[in-house]
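A.B. asks: Here it is, the structure, as structure tokens.
The values are calculated or read from the model by the stated rules, or taken from the named source; none is laboratory data. These figures come from a predicted structure and were not determined experimentally. Here Cβ is always computed from backbone atoms with ideal geometry, including for glycine, and neighbour counts include all displayed protein chains. These accessible areas exclude ligands, DNA and RNA; they are computed on the full protein's heavy atoms, side chains included. Shrake-Rupley method; radii C 1.70, N 1.55, O 1.52, S 1.80 Å.
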Amino acid sequence: MEDKELMENHLLVVKGICDLYLHGTLEATTAEIHSAFKDALNEELDIQNKIYNLMSARNWYKTDSAEATKVAAAKQKFSNC
């Protein structure tokens, strides 16, 4: 397995973990449990960001630029909220 594929797989796992921790935080029944999930979520988000930055630096994670007209339309749509 190549490095790029390993990084992609790792990123997918970390994103899944973030999803679980987010839901744990939202559904926590006590302040202590909420805090524990929130802290774990923040740690995983930091890991996700590091993986993304590494992949981006190697051109392994490419993003498309948003069209200016679509950005303007979204701003207009949500500016009234």
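A.B. asks: Out of the residues in the range 8-25 meeting the condition of being over 12 Å from LYS38 (Cα atoms) and touching a Phe, Trp or Tyr at 6+ places or on another chain (Cβ under 9 Å), tell me which one is most open to solvent (accessible area, probe 1.4 Å).
C.D. replies: Ranking the qualifying residues of the range 8-25, first place goes to GLU8.
A.B. asks: Sticking with this structure for a sec: Checking the condition surrounded by 11 or more Cβ atoms within 10 Å (Cβ to Cβ), under 19 Å from the mean Cα position of the chain (by Cα) and at pLDDT 90 or above, which residue from ILE51, ILE33 passes?
C.D. replies: ILE51
A.B. asks: Six or more apart or on different chains, Cβ under 8 Å: which pairs go from a residue in the range 42-69 that's closer than 13 Å to LEU12 by Cα to one that's part of a helix (DSSP H, G or I) and basic (Lys, Arg)? Could you list them?
C.D. replies: Final answer for the pair search is GLN48/LYS15; MET55/LYS4.
A.B. asks: Taking ASN80 as the residue in question, decide whether it is exposed (fewer than 11 other Cβ atoms within 10 Å of the Cβ), on the phi > 0 side of the Ramachandran plot and free of Cβ contacts under 8 Å to residues at least 60 places away in the same chain.
C.D. replies: No, not satisfied.
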